[in-house]
Every structure is written in structure tokens, then in C-alpha cells.
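Notes to accompany the following structure.
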Amino acid sequence: MRELRFERSGRLAWHERDKPVLLDPGDAIVRPFIAGRCDGDTLPIHRPVSRPLQAGMALGLVDPVVGSICGKIPFRGPFAIGHECVAEIIALGPEVTRLRVGQRVIVPWAVSCGTCSPCRRGLTSKCVTAARGGTLAAYGFGPASGSWGGMVTDEFRVPFAEHMLVPVPAGVPAERVAAASDNLADAWRAVVPPLAAREGGSVLVLGGGAKSIGLYAAGLAVAHGASVVDYVDDSARRRSIAESFGARSVTTQVRPRHQGYDVVVEATSRSSGLRDAVRALAPGGVCTAVGYYLATGTRVPLMHMYATDATLRLGVSHVRAILPSLLEFLHRTGFPAERVTTRTADWDEAPDAYTVRTTKLVLRREPLAQDTVVGEETP
Ligand SMILES: [Zn+2]
Ligand SMILES: [Zn+2]
């Protein structure tokens, strides 16, 4: 069987690998049929960053934790890529009783056990059982984050399946949850909890870096009752998607019209964007930065934050902990997250499609079974 591997900047290919088997009684084998390309995956694909990152770490300019996630030689190919998918369960270990073969599930990007101390606190992407002393345990990040492989493959193994796999509620189209494993859930944590604590608050999204996350965030903010949602991006295509969700949009040349935002999402993935985002906060506001800020010396206007009583949040998103609320919301409201998908490609075309410069790529192939389950309980 085959899996998609990143070889070097601008080049991916199918490689042969062994068929996965159930190793533990709590395992599942799943067959992905929808796969999203994470915004972060485009970093090594569209830019030859491996050598600059290696040099940056040697000089102390790039944070050494990059090496513990992506390897001492970051993004050294070939490694299996892809960590967003909707899959069908094709085999279950004997200890998995609450799932069944044929069910459609979301597989979170990070592997977690569900029972260790961080997992019980909702920090599922910092699971100590799965990380085994490493920084992260994740699909599609290369060997430094574990031997889990990528999600753009014929089949793959999921440990702790009863905890890890979250069924897609009946009636929710698989295309809608293509990015639930990562980017859609990442947008959720950046907007929904902070907005719930600031009801009817104003929201600013600085987009264009973490391209799909910014758009999901703008849409989710409108859908959760924000009084104002301003979306900033130089891409006309993305601005029109943000507007289709009901956000206002401007280019980076225009100052957003609102004075001080209760919730800001920094999705430019640039340190200058981080500073702009923090400075755009209203008193007591919260900024969640969803990009990568690789430098050891990123400047942050701390005195400004002190004076505005601002909160800056960063960190991996704990998708497994978020998924029940996110899926319940999608099931209840029909929020059209698939509007962010700017390119759909056939599964077989993955090597070429994955290199395309587009906001959100989704790969698809036929599922084995049609989605005919009616009245299934939501997670
Ligand atoms: Zn990702
Ligand atoms: Zn755990």
C-alpha cells in the first residue's frame, strides 16, 4: 500500500509501505477518504526552509524546540505527510467496544491516550503517554514526532482508538469536517471560548499566513454572535470567502475601522503580525496567535499589553478535547466550513495537488460505504 511523502520543497510522491496491523487491543485501523492539507504543511512545501532552519538553530536564532518537533535537520525528506482526515473504521481491536467498523470518524492530528494527567486536563496534544518524553506525538510531522505516519495513505493505525476517534454526526457532510483534525479546531479555540467570555464582543482576524485557520475563525466568530468581525488579508479570494460568512474585510493597506477588539486572531504567522494583533486589543482582550513564530527573539509589546490588560495565548491546539463541542455545533447549525476549501483534488493526484498554492486543499476518494446511518448520537 502507499502513503504520500514529502521529499523536498516542491516535491511529494507516493511511497510503498507495509499495511498497518492491530498491535494493541485498543487499536483501530482506519481508511481515510477525505484529507485536508494543514496550513502548516505548506511551510516546507512552498519554501526550502530545511537548511535555513538548521542554520538558524545552530546560530541560536531559531528556537531549538523546532528540532524536537521536526528533527535536527527540520523537514528532511522523505517523511509521511498529512494530519487532517475523515476516515472509515475498517478494523478494531477486541478492547474497543464503543465504536464499530464502517463508522466515519475524525482523527485528531496529535496522538493522545485520554487517561494521563495532561489528557484529563484537556491538554490532549501534550499527552505524556503518546509523546514518550518527546515534545509532540503526531501524524505527518516526521519521525521526531513519532512513527505514526501520515494521513494521506491507504490505511493507518490509531492507538487508544476509543478515546482518539470521534464519530462524525449523521448528516454532517464529510467535506465540512475535512479540517476538523486540526485547522478548523484550531480556529475554534481561538474564537469560541474567548468570545463566550466576552458576549457580543468584537473580533479581528489578521489572515493570510495560516490561511484556512483565519477564514474558519472569521466564520466561527460571525456564527457565535460577535458584534463586529473584521478580516484583514491581501488575497481578494480569501476576503470574499470571509465576507460570504458575514465578516467585513479589508486589505493590509487599510486600517480596520474598529477601535480595540475584544478577541484578535493572529493568523499572519509573522512577528510583525503578532505585534499588530496585540496592539489591536481592547482592554481585557485576548489575542490567540495560531502561526509559527520560530525565532528565539520575537519582540512582543509587553508594556502595551500591561497597559491594556491584554492576554496573549499561544500553543498547540488540543483538538481531541475540542471535537465534541465543534461537531455538535456543526451538526446543530450547518455551519458551511467547506466554503474555505479552495481546491478539491482526487486522492490519486495528491503528490501534485499537495504542492499547489491555494488556501485550502482537500483530497477525496470514494468512501467504502455511503453515509446512511440515521439517528446516530452526536459525540
Ligand atoms: Zn497542522
Ligand atoms: Zn494522555
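The values are calculated or read from the model by the stated rules, or taken from the named source; none is laboratory data. Since the structure is predicted, the reported quantities are computational estimates derived from the model, not experimental observations. Glycine gets a Cβ as well: all are built from the backbone with ideal geometry, and neighbour counts include every protein chain shown.
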Return a yes/no flag: does the stretch 160-168 have any residue that is in contact with a Lys or Arg (Cβ under 6 Å, 6 or more places away or on another chain), surrounded by 24 or more Cβ atoms within 10 Å (Cβ to Cβ) and touching a residue at least 24 places away in the same chain (Cβ under 8 Å).
yes
Do you know which of the residues in the stretch 128-142 that are within 16 Å of ligand 1 (Cβ to nearest atom) and of a type in the set (Ser, Thr, Tyr) is surrounded by the most Cβ atoms within 10 Å (Cβ to Cβ)?
Tyr139
I'd like to know if the stretch 220-238 contains one or more residues that are part of a loop (DSSP other than H, G, I, E, B) and of a type in the set (S, T, N, Q).
yes
Which of the residues that make up the stretch 315-355 are buried (at least 22 other Cβ atoms within 10 Å of the Cβ), of a type in the set (Gly, Ala, Ser) and farther than 23 Å from Asp154 by Cβ?
Ser317, Ala337
For Asp309, are the conditions met, namely being among the acidic types (Asp, Glu), more than 22 Å from the chain's Cα centre (by Cα) and not assigned by TED's automatic domain parsing to the domain that holds Leu12?
yes
Taking the stretch 111-131 and keeping residues of a type in the set (D, E, K, R) and touching a residue at least 12 places away in the same chain (Cβ under 8 Å) leaves Lys126
Any idea which of Pro118, Pro193, Pro159, Pro173 is closer than 30 Å to Gln259 by Cα and away from ligand 1 (no atom under 15 Å from the Cβ)?
Pro193
Which residues, counting only those in the stretch 268-319, are in contact with a strand residue (DSSP E or B) (Cβ under 8 Å, 6 or more places away or on another chain), hydroxyl-bearing (Ser, Thr, Tyr) and outside any helix (DSSP H, G or I)?
Thr268, Thr288, Tyr293, Thr296, Thr311
Of the residues in the stretch 85-113, how many are surrounded by 17 or more Cβ atoms within 10 Å (Cβ to Cβ) and either among the polar types (S, T, N, Q) or within 16 Å of ligand 2 (Cβ to nearest atom) (or both)?
8
Only listed residue being modelled with pLDDT of 95 or more, within 13 Å of ligand 1 (Cβ to nearest atom) and not assigned by TED's automatic domain parsing to the domain that holds Ala242, chosen from Ser125, Ser145:
Ser125
Within the stretch 27-59, restricting to residues that are basic (Lys, Arg) and farther than 30 Å from Pro173 by Cα, the one that is nearest to ligand 1 (Cβ to nearest atom) is Arg47
